[in-house]
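For reference, the structure discussed in these notes is given below.
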Amino acid sequence: MFLAGSAAATMGAAASLGRGRAATLDGKALIAVTLDLEMSRHYPRRGMMEWDYEKGNLDAATKNYAVEAGRLVKERGGLIHFFCVGRVLEQPDVGWLKGLVATGHKVGNHTYDHVNVKAKTPAEAQFRFARAPWLVQGKTVERIIRENIETTTIAMQERLGIAPDGFRTPGGFFNGLDDRPDLQTMLLGLGFPWVSSKYPAHLRGKEKERPTPDVFASIVSAQAQAQPYLYPTGLVEVPMNPISDVTAFRSTFWKLDYFLDAIRMAVERAIANRATFDFLAHPSCLVVEDPHFETIKLICELADKAGDRAAIVGLDAFAQRAHMRGKA
Ligand SMILES: [Zn+2]
(Lines give C-alpha, C1' and ligand atoms only; values in the text may rest on other atoms or scores of the structure.)
Protein backbone atom coordinates (compact mmCIF):
# COMPACT_ATOMS: atom_id res chain seq x y z
CA MET A 1 0.00 0.00 0.00
CA PHE A 2 2.71 2.43 1.00
CA LEU A 3 4.77 1.78 -2.11
CA ALA A 4 1.78 2.05 -4.42
CA GLY A 5 0.72 5.33 -2.80
CA SER A 6 4.18 6.74 -2.99
CA ALA A 7 4.64 5.77 -6.64
CA ALA A 8 1.30 7.35 -7.49
CA ALA A 9 2.31 10.51 -5.66
CA THR A 10 5.62 10.58 -7.57
CA MET A 11 3.87 10.25 -10.89
CA GLY A 12 1.30 12.87 -9.97
CA ALA A 13 3.96 15.31 -8.86
CA ALA A 14 6.03 14.64 -11.99
CA ALA A 15 2.99 15.11 -14.21
CA SER A 16 2.41 18.52 -12.67
CA LEU A 17 5.77 19.74 -14.02
CA GLY A 18 4.58 21.77 -16.99
CA ARG A 19 6.10 20.95 -20.36
CA GLY A 20 4.86 23.84 -22.47
CA ARG A 21 7.84 26.14 -22.47
CA ALA A 22 10.56 23.49 -22.70
CA ALA A 23 11.20 24.04 -26.40
CA THR A 24 11.48 27.82 -26.17
CA LEU A 25 13.98 27.57 -23.31
CA ASP A 26 16.15 24.93 -24.97
CA GLY A 27 19.81 25.89 -25.14
CA LYS A 28 19.40 28.92 -22.90
CA ALA A 29 20.90 29.74 -19.56
CA LEU A 30 18.09 29.84 -17.01
CA ILE A 31 18.33 32.65 -14.48
CA ALA A 32 16.01 33.00 -11.48
CA VAL A 33 15.60 35.78 -8.96
CA THR A 34 14.30 34.13 -5.80
CA LEU A 35 13.35 36.05 -2.69
CA ASP A 36 12.47 34.39 0.61
CA LEU A 37 9.68 36.22 2.39
CA GLU A 38 10.82 36.08 6.01
CA MET A 39 12.53 38.28 8.54
CA SER A 40 16.28 37.74 9.02
CA ARG A 41 18.11 37.95 12.33
CA HIS A 42 20.45 40.96 12.65
CA TYR A 43 18.19 43.05 10.38
CA PRO A 44 17.32 45.82 10.18
CA ARG A 45 20.02 46.19 12.85
CA ARG A 46 22.72 43.99 14.38
CA GLY A 47 21.59 42.18 17.51
CA MET A 48 17.96 41.90 16.42
CA MET A 49 17.35 38.21 17.18
CA GLU A 50 13.66 38.12 18.02
CA TRP A 51 12.77 37.31 14.40
CA ASP A 52 14.00 33.78 15.12
CA TYR A 53 10.66 33.30 16.90
CA GLU A 54 8.48 35.11 14.38
CA LYS A 55 10.11 34.68 11.00
CA GLY A 56 6.93 35.47 9.09
CA ASN A 57 5.99 38.70 10.82
CA LEU A 58 7.25 40.86 7.94
CA ASP A 59 7.83 44.55 8.56
CA ALA A 60 6.63 47.23 6.17
CA ALA A 61 10.09 47.92 4.68
CA THR A 62 10.52 44.25 3.76
CA LYS A 63 7.12 44.06 2.06
CA ASN A 64 7.73 47.29 0.16
CA TYR A 65 11.08 45.98 -1.06
CA ALA A 66 9.47 42.77 -2.30
CA VAL A 67 6.79 44.70 -4.18
CA GLU A 68 9.27 47.12 -5.78
CA ALA A 69 11.60 44.25 -6.74
CA GLY A 70 8.63 42.57 -8.42
CA ARG A 71 7.85 45.74 -10.35
CA LEU A 72 11.46 46.18 -11.50
CA VAL A 73 11.92 42.60 -12.68
CA LYS A 74 8.54 42.54 -14.41
CA GLU A 75 9.38 45.80 -16.18
CA ARG A 76 12.53 44.07 -17.48
CA GLY A 77 10.55 41.14 -18.83
CA GLY A 78 11.18 38.64 -16.03
CA LEU A 79 9.50 37.37 -12.91
CA ILE A 80 10.45 36.66 -9.31
CA HIS A 81 10.03 33.32 -7.57
CA PHE A 82 9.12 34.10 -3.96
CA PHE A 83 9.10 31.61 -1.09
CA CYS A 84 6.60 32.41 1.60
CA VAL A 85 6.75 31.49 5.27
CA GLY A 86 3.15 30.58 6.22
CA ARG A 87 3.06 32.94 9.19
CA VAL A 88 3.17 35.84 6.67
CA LEU A 89 -0.40 34.96 5.78
CA GLU A 90 -1.65 35.68 9.32
CA GLN A 91 -1.03 39.39 8.80
CA PRO A 92 -4.23 41.39 8.35
CA ASP A 93 -3.29 42.70 4.89
CA VAL A 94 -1.82 40.42 2.23
CA GLY A 95 -2.91 42.61 -0.68
CA TRP A 96 0.75 43.34 -1.55
CA LEU A 97 1.42 39.63 -2.07
CA LYS A 98 -1.83 39.08 -3.97
CA GLY A 99 -0.74 41.92 -6.23
CA LEU A 100 2.56 40.16 -6.93
CA VAL A 101 0.72 36.94 -7.76
CA ALA A 102 -1.69 38.81 -10.04
CA THR A 103 1.22 40.25 -12.06
CA GLY A 104 2.69 36.80 -12.73
CA HIS A 105 5.22 36.27 -9.97
CA LYS A 106 5.46 32.83 -8.41
CA VAL A 107 5.19 31.83 -4.77
CA GLY A 108 6.50 28.62 -3.23
CA ASN A 109 6.10 27.08 0.23
CA HIS A 110 8.85 27.81 2.80
CA THR A 111 7.16 26.09 5.80
CA TYR A 112 4.95 27.85 8.31
CA ASP A 113 7.48 28.69 11.03
CA HIS A 114 10.74 28.34 9.09
CA VAL A 115 11.49 24.89 10.49
CA ASN A 116 14.71 22.94 10.03
CA VAL A 117 13.53 19.89 8.07
CA LYS A 118 16.61 17.91 9.18
CA ALA A 119 16.03 18.54 12.91
CA LYS A 120 16.46 15.53 15.19
CA THR A 121 14.30 16.90 18.03
CA PRO A 122 11.27 19.26 18.17
CA ALA A 123 13.39 21.90 19.92
CA GLU A 124 15.88 21.78 17.05
CA ALA A 125 13.14 22.27 14.49
CA GLN A 126 12.47 25.89 15.44
CA PHE A 127 13.53 28.38 18.14
CA ARG A 128 9.85 28.98 18.82
CA PHE A 129 9.34 25.33 19.77
CA ALA A 130 12.35 25.42 22.09
CA ARG A 131 10.86 28.43 23.88
CA ALA A 132 7.25 27.19 23.78
CA PRO A 133 7.46 23.38 23.67
CA TRP A 134 3.74 22.97 24.35
CA LEU A 135 3.05 24.05 20.77
CA VAL A 136 4.39 20.71 19.54
CA GLN A 137 3.95 18.58 22.66
CA GLY A 138 3.69 14.88 21.94
CA LYS A 139 4.43 15.26 18.23
CA THR A 140 7.25 13.54 16.41
CA VAL A 141 9.67 15.67 14.41
CA GLU A 142 8.35 14.05 11.24
CA ARG A 143 4.82 15.15 12.09
CA ILE A 144 5.90 18.69 13.04
CA ILE A 145 7.70 19.12 9.71
CA ARG A 146 4.85 17.64 7.70
CA GLU A 147 2.20 19.80 9.41
CA ASN A 148 4.36 22.91 9.04
CA ILE A 149 4.45 22.35 5.28
CA GLU A 150 0.80 21.30 4.93
CA THR A 151 -0.50 24.27 6.93
CA THR A 152 1.39 26.67 4.68
CA THR A 153 -0.18 25.13 1.58
CA ILE A 154 -3.64 25.52 3.14
CA ALA A 155 -2.92 29.12 4.15
CA MET A 156 -1.74 29.93 0.61
CA GLN A 157 -4.92 28.49 -0.83
CA GLU A 158 -7.10 30.33 1.69
CA ARG A 159 -5.40 33.71 1.57
CA LEU A 160 -3.83 33.90 -1.88
CA GLY A 161 -6.08 31.52 -3.80
CA ILE A 162 -3.11 29.61 -5.22
CA ALA A 163 -1.27 26.34 -4.72
CA PRO A 164 2.42 26.70 -3.84
CA ASP A 165 4.83 26.63 -6.77
CA GLY A 166 7.53 24.40 -5.30
CA PHE A 167 9.11 24.03 -1.89
CA ARG A 168 12.27 25.54 -0.44
CA THR A 169 13.78 24.26 2.79
CA PRO A 170 14.59 26.88 5.39
CA GLY A 171 18.38 27.04 5.41
CA GLY A 172 20.43 25.34 2.74
CA PHE A 173 22.21 22.00 3.01
CA PHE A 174 25.56 21.32 1.34
CA ASN A 175 24.26 17.89 0.32
CA GLY A 176 20.65 18.90 -0.31
CA LEU A 177 18.35 16.01 0.60
CA ASP A 178 20.80 13.37 -0.75
CA ASP A 179 20.90 11.78 2.71
CA ARG A 180 17.14 11.96 3.32
CA PRO A 181 15.06 9.85 0.94
CA ASP A 182 12.31 9.93 3.61
CA LEU A 183 12.01 13.70 3.20
CA GLN A 184 12.08 13.36 -0.59
CA THR A 185 9.16 10.93 -0.37
CA MET A 186 7.30 13.18 2.09
CA LEU A 187 7.56 16.15 -0.29
CA LEU A 188 6.40 14.12 -3.28
CA GLY A 189 3.48 12.89 -1.18
CA LEU A 190 2.62 16.50 -0.30
CA GLY A 191 2.43 17.27 -4.03
CA PHE A 192 5.81 18.90 -4.64
CA PRO A 193 7.63 17.76 -7.81
CA TRP A 194 10.76 19.72 -6.82
CA VAL A 195 12.60 21.08 -3.81
CA SER A 196 15.18 23.83 -3.45
CA SER A 197 17.37 22.65 -0.56
CA LYS A 198 20.98 22.50 -1.69
CA TYR A 199 23.50 25.29 -1.13
CA PRO A 200 27.01 24.07 -1.96
CA ALA A 201 30.06 24.83 0.12
CA HIS A 202 32.39 27.65 -0.92
CA LEU A 203 35.02 29.94 0.56
CA ARG A 204 33.88 33.24 2.11
CA GLY A 205 37.18 34.85 3.10
CA LYS A 206 37.76 37.03 6.12
CA GLU A 207 35.03 39.14 7.67
CA LYS A 208 34.89 42.80 6.61
CA GLU A 209 37.66 42.34 4.05
CA ARG A 210 37.57 42.50 0.28
CA PRO A 211 37.34 38.89 -0.94
CA THR A 212 40.61 37.58 -2.37
CA PRO A 213 40.70 36.08 -5.89
CA ASP A 214 40.55 32.56 -4.45
CA VAL A 215 37.24 33.39 -2.73
CA PHE A 216 35.70 34.57 -6.00
CA ALA A 217 37.17 31.52 -7.77
CA SER A 218 35.63 29.24 -5.14
CA ILE A 219 32.21 30.85 -5.58
CA VAL A 220 32.41 30.51 -9.36
CA SER A 221 33.52 26.88 -9.18
CA ALA A 222 30.70 26.08 -6.71
CA GLN A 223 28.21 26.92 -9.49
CA ALA A 224 28.81 23.48 -11.00
CA GLN A 225 27.60 21.93 -7.72
CA ALA A 226 24.47 24.07 -7.82
CA GLN A 227 22.83 22.67 -10.96
CA PRO A 228 19.41 20.95 -10.82
CA TYR A 229 19.28 17.16 -10.69
CA LEU A 230 16.89 14.29 -10.16
CA TYR A 231 16.91 12.32 -6.88
CA PRO A 232 16.40 8.54 -7.15
CA THR A 233 12.88 9.01 -5.71
CA GLY A 234 11.91 11.16 -8.72
CA LEU A 235 11.95 14.43 -6.78
CA VAL A 236 13.93 17.18 -8.53
CA GLU A 237 16.51 19.23 -6.65
CA VAL A 238 16.83 22.89 -7.68
CA PRO A 239 19.84 24.23 -5.74
CA MET A 240 20.49 27.79 -4.60
CA ASN A 241 23.54 29.32 -6.29
CA PRO A 242 26.21 31.01 -4.17
CA ILE A 243 26.62 33.49 -2.85
CA SER A 244 23.48 34.33 -0.88
CA ASP A 245 22.85 37.75 0.59
CA VAL A 246 22.87 36.54 4.19
CA THR A 247 26.14 34.64 3.71
CA ALA A 248 27.79 37.68 2.14
CA PHE A 249 26.37 40.52 4.23
CA ARG A 250 25.29 39.03 7.54
CA SER A 251 27.93 36.35 8.04
CA THR A 252 30.90 37.96 6.30
CA PHE A 253 30.09 41.70 6.50
CA TRP A 254 30.66 42.21 2.77
CA LYS A 255 30.22 45.56 1.08
CA LEU A 256 27.71 45.73 -1.74
CA ASP A 257 30.51 46.06 -4.33
CA TYR A 258 31.96 42.67 -3.37
CA PHE A 259 28.54 41.08 -3.65
CA LEU A 260 27.89 42.64 -7.07
CA ASP A 261 31.27 41.35 -8.30
CA ALA A 262 30.55 37.80 -7.11
CA ILE A 263 27.03 37.73 -8.56
CA ARG A 264 28.24 39.12 -11.88
CA MET A 265 30.90 36.39 -12.18
CA ALA A 266 28.42 33.66 -11.25
CA VAL A 267 25.74 34.84 -13.69
CA GLU A 268 28.27 35.28 -16.49
CA ARG A 269 29.49 31.74 -15.89
CA ALA A 270 25.90 30.45 -16.08
CA ILE A 271 25.31 32.29 -19.36
CA ALA A 272 28.58 31.10 -20.90
CA ASN A 273 27.74 27.49 -20.00
CA ARG A 274 23.98 27.70 -20.71
CA ALA A 275 23.65 26.57 -17.11
CA THR A 276 21.23 27.67 -14.38
CA PHE A 277 21.64 30.36 -11.75
CA ASP A 278 19.22 30.63 -8.83
CA PHE A 279 19.86 33.92 -7.04
CA LEU A 280 18.89 33.53 -3.38
CA ALA A 281 18.14 36.62 -1.34
CA HIS A 282 15.88 38.04 1.33
CA PRO A 283 14.09 41.40 1.05
CA SER A 284 14.56 41.80 4.84
CA CYS A 285 18.35 41.78 4.28
CA LEU A 286 18.57 43.51 0.89
CA VAL A 287 16.43 46.45 2.00
CA VAL A 288 19.30 47.34 4.34
CA GLU A 289 22.31 46.18 2.30
CA ASP A 290 21.15 47.03 -1.24
CA PRO A 291 18.42 49.66 -0.89
CA HIS A 292 18.62 50.70 -4.54
CA PHE A 293 18.09 47.19 -5.97
CA GLU A 294 21.52 47.18 -7.63
CA THR A 295 21.91 43.40 -7.50
CA ILE A 296 18.52 42.64 -9.00
CA LYS A 297 19.05 45.27 -11.70
CA LEU A 298 22.49 43.78 -12.47
CA ILE A 299 21.06 40.28 -12.92
CA CYS A 300 18.33 41.60 -15.23
CA GLU A 301 20.91 43.56 -17.25
CA LEU A 302 23.20 40.55 -17.68
CA ALA A 303 20.28 38.39 -18.82
CA ASP A 304 19.08 41.12 -21.18
CA LYS A 305 22.56 41.60 -22.66
CA ALA A 306 22.77 37.84 -23.30
CA GLY A 307 19.74 38.12 -25.61
CA ASP A 308 18.42 34.70 -26.61
CA ARG A 309 21.22 32.94 -24.68
CA ALA A 310 19.43 33.50 -21.35
CA ALA A 311 15.97 33.82 -19.84
CA ILE A 312 14.71 34.92 -16.43
CA VAL A 313 12.25 32.25 -15.34
CA GLY A 314 10.74 30.60 -12.27
CA LEU A 315 12.41 27.62 -10.61
CA ASP A 316 9.67 25.38 -12.00
CA ALA A 317 11.38 25.81 -15.40
CA PHE A 318 14.70 24.68 -13.86
CA ALA A 319 12.93 21.61 -12.44
CA GLN A 320 11.24 20.85 -15.73
CA ARG A 321 14.58 20.85 -17.60
CA ALA A 322 16.24 18.62 -14.97
CA HIS A 323 13.29 16.24 -15.03
CA MET A 324 13.40 15.87 -18.79
CA ARG A 325 17.18 15.43 -18.88
CA GLY A 326 17.01 12.99 -15.96
CA LYS A 327 14.52 10.83 -17.82
CA ALA A 328 16.36 11.01 -21.13
ZN1 LIG B 1 14.36 31.03 4.79
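The values are calculated or read from the model by the stated rules, or taken from the named source; none is laboratory data. Only a predicted model underlies this, so the values are computations on that prediction, with no experimental measurement involved. No Cβ is skipped: glycine too gets one built from the backbone with ideal geometry, and neighbour counts run over all protein chains shown. These area figures cover heavy atoms from the full protein model, side chains too; ligands, DNA and RNA do not enter into them. Shrake-Rupley method; radii C 1.70, N 1.55, O 1.52, S 1.80 Å.
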Checklist line | Vicinal HN-Hα couplings computed from phi for region 246-261 (Karplus, 6.51 cos²θ - 1.76 cosθ + 1.60; Hz; Gly/Pro x) | finding: 5, 5, 6, 8, 6, 7, 10, 6, 5, 7, 4, 4, 5, 5, 4, 4
Next item on the list: Which order do the peptides 137-147, 305-315 take when ranked by the mean count of other beta-carbon atoms within 10 Å per residue, highest first?
Entry: 305-315, 137-147
Check: Treating the beta-carbon of each Lys and Arg as +1 and of each Asp and Glu as -1, no other charges, what is the dipole magnitude of region 202-246 about its Cα centre, to the nearest 20 debye?
Finding: 120
Check: Of all the accessible heavy-atom surface of region 213-328, with the other protein chains kept in place and a 1.4 Å probe, what percent is carbon and sulfur?
Finding: 52
Next item on the list: Could you state the accessible area per residue of the chain in Å², with a 1.4 Å probe and every protein chain left in place?
Entry: 42
Next item on the list: Past 23 Å, Cα to Cα, is the threshold; run Lys118/Lys208; Lys55/Lys255; Lys74/Lys106; Lys118/Lys198; Lys106/Lys327 against it and keep the listed order.
Entry: Lys118/Lys208; Lys55/Lys255; Lys106/Lys327
Check: Asp165's amide H: which non-local residues (gap 5+, or another chain) put their own amide H closer than 5 Å, with H modeled 1.01 Å from N in plane and none for Pro or chain starts?
Finding: Val107, Gly108, Asn109
Check: Setting aside same-chain residues fewer than 8 positions from Lys120, which aspartates and glutamates have a Cα under 19 Å from its Cα?
Finding: Asp52, Glu142, Glu147, Asp178, Asp179, Asp182
Checklist line | Largest-first ordering by accessible area, 1.4 Å probe, given options Asp182, Asp52 | finding: Asp182, Asp52
Notebook entry, point to check: Going by accessible area, probe 1.4 Å, with all protein chains left in place, what is the ranking of Trp134, Trp194, largest first?
Noted result: Trp134, Trp194
Margin query: Quick check: pseudo-label points 7 Å beyond the Cα along Cα→Cβ at Gln157 and Gln91, how many nm apart are they?
Written below: 2.4
Next item on the list: Using label points projected 7 Å from each Cα along Cα→Cβ, tell me how many nm separate Arg264 and Lys206, to one decimal.
Entry: 2.4
Next item on the list: Could you tell me what percent of the accessible area of region 102-182 is made up of carbon and sulfur, with a 1.4 Å probe and every protein chain present?
Entry: 55
Check: Given H placed 1.01 Å from N in the peptide plane, which residues other than close sequence neighbours of Ala310 have an amide H under 5 Å from its amide H?
Finding: Ala29
Notebook entry, point to check: Hey, got the dipole for region 191-294? About the Cα centre, +1 on K and R Cβ, -1 on D and E Cβ, debye to the nearest 20?
Noted result: 200
Checklist line | In region 152-244, the trypsin sites (Lys or Arg not before Pro) that fall in loop regions by DSSP, at most 15 other Cβ within 10 Å | finding: Lys206, Lys208
Next item on the list: Let me know the charge dipole size of the chain about its Cα centre in debye, to the nearest 20, where only the beta-carbon of Lys, Arg (+1) and Asp, Glu (-1) is charged.
Entry: 360
Margin query: Going by average Cβ density within 10 Å per residue, which order do the peptides 126-132, 295-301 take, highest to lowest?
Written below: 295-301, 126-132
Next item on the list: With a 1.4 Å probe and every protein chain kept in, tell me what percent of the accessible surface of region 34-75 is carbon plus sulfur.
Entry: 50
